[in-house]
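What follows is one structure encoded as structure tokens, with my remarks underneath.
The values are calculated or read from the model by the stated rules, or taken from the named source; none is laboratory data. Just so it is clear, the model here is predicted, and its values are computed rather than measured. Every residue, glycine among them, receives a Cβ derived from its backbone with ideal geometry; neighbour counts consider all protein chains shown.
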Amino acid sequence: CLAKQFPPPSSVLPVAVGHSMLVPGQSIAPAVCPPALPVPAAAEQREVEAEVGPAVTIMKPILRFLQLLCENHNQDLQNFLRCQNNKTNYNLVCETLQFLDIMCGSTTGGLGLLGLYINESNVHLITQTLETLTEYCQGPCQENQTCIVTHESNGIDIITALILNDISPLCRYRMEMVLQLKDNASKLLLALMESRHDSENAERILFNLRPRELVEEIKKAYHQESEYEGEDVSPREVGHNIYILAQQLARHNKMLQNLLKPQKNSKEGEEGISSMLNLNNRPLSQMLKSTAPAVVVEQDPLEYYDMLTSQIEIVRDDRSMEQIVFPVHPICEFLTEESKIRVFNTTEQDEQGSKVTNFFEQTSFLHGEMEWQKKLRSMPVLYWFSGRMSLWGTISFNLAVFINLIIAFFYPYASGQ
């Protein structure tokens, strides 16, 4: 179905019996002027068919099929989709990237006007394209990574533009779709840099990526949580994925590395200035403290994401060590110190001296404990009692000893015993 390159809108490309990729006079890009407000379901369906057409909408199940072929890091099929080792090879990886390029309108010179080409009728198709491209690379499949990064199209520039730009007017009434796009775009860029020990791919991504705008996008997603609370896609989770992407890119860009450092509000400088101004004038100091309004310090988004980000080091099959950065799930804050100490001291080693196997055998129990602790926090009285189990254990032991001593000394033994 993707066996040939996408031609100009005036040509015909067969897909299957009775279908064609494009019909004469039909453009693969949607109309330039999307509706400003949502329309009823029936009218929306007619609009989708009119703007995109069945020849393009059929691409969604095709792309989903290609994604499932590469599921679970199937490297054989990942390589096969790129090269079939036949007399005539069809690089479906590049064809998928070109499809994204055309759908987002970069072939018409509208790379900075994504909102004119991405609307409610085709956003799901673009999201599926990003997911398929991500599955091509994960594992990692370095050949597919290189194929996407070095392709002559504007694919990488489009992906970075999806993260940095506001897709208006879609963001005004379907923000969850825009967040889903940004989330998948950040995951794709992470997949392109997975297990890369060189800086080639990162430098290509950074070529048109403005570090300051990337950091502002992270902060913007953090503050959007209160506006779009309860949506299917959490803005802070999207911001966290973009933050992890920025952390990976910061290894190759000093400016981005400095921008990602959280601004810690230290009170030492303020106290030093205050002491210099007051000059030990106690009445003036008390007057300033009494008149100063209470300042509510808002948590820095970068500091928030930094606390919820961790990393591990893994050893690949080629014995190379790689650092993996990942988000810490919010439920992990309910893991008790007793469980941490118990796991650290009791996890057994296998024949190769690794504790990983036995550790993962305990994960289901630990997750259940964290779920129970989360539920317990909603019941303050019960949580107060459960948090002092060692105290209650000590008290019960001492009471048992005391009761036994009373019985031993005051038991009414029979005479002569």
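Observations on the structure shown:
- Residues of the stretch 189-202 that are touching a His at 6+ places or on another chain (Cβ under 6 Å) and farther than 10 Å from residue 248 by Cβ: 199 alone.
- Tally, over the stretch 112-169, of residues that are among the hydrophobic types (A, V, I, L, M, F, W, C) and outside any helix (DSSP H, G or I): 4
- Hits in the stretch 146-178 - residues which are of a type in the set (Lys, Arg) and under 21 Å from the mean Cα position of the chain (by Cα): 174
- Scanning the stretch 179-223 for residues that are within 14 Å of the chain's Cα centre (by Cα) and either hydrophobic (A, V, I, L, M, F, W, C) or outside any helix (DSSP H, G or I) (or both) turns up 179, 181, 185, 188, 189, 190, 191, 218, 221.
- Scope the stretch 136-155; condition farther than 30 Å from residue 315 by Cβ and not small (Gly, Ala, Ser); matching residues: 151, 152, 154
- Residue 277 modelled with pLDDT of 85 or more and either out of contact with any His (no Cβ under 6 Å at 6 or more places or on another chain) or closer than 21 Å to residue 250 by Cβ (or both): no
- Test: residue in the stretch 307-323 that is basic (Lys, Arg), farther than 28 Å from residue 246 by Cα and at pLDDT below 90: no
- Scanning the stretch 346-393 for residues that are among the polar types (S, T, N, Q) and either touching a Gly at 6+ places or on another chain (Cβ under 7 Å) or over 16 Å from residue 333 (Cβ atoms) (or both) gives 346, 347, 349, 352, 354, 357, 358, 362, 363, 364, 386, 390.
- Residues in the stretch 357-371 that are surrounded by 12 or more Cβ atoms within 10 Å (Cβ to Cβ) and without any contact (Cβ under 8 Å) to a residue 40 or more places away in the chain: 357, 358, 359, 362, 366, 367, 369, 370.
- Test: residue 265 is over 30 Å from residue 197 (Cα atoms), at pLDDT below 80 and either in a strand (DSSP E or B) or out of contact with any Leu (no Cβ under 6 Å at 6 or more places or on another chain) (or both): yes
- Condition broken by residue 212, with the remaining ones in (1) modelled with pLDDT of 90 or more; (2) touching a helix residue (DSSP H, G or I) at 6+ places or on another chain (Cβ under 6 Å) satisfied: (2)
- Residue check, residue 382 among the hydrophobic types (A, V, I, L, M, F, W, C), at pLDDT below 90, part of a helix (DSSP H, G or I) and surrounded by 12 or more Cβ atoms within 10 Å (Cβ to Cβ): yes
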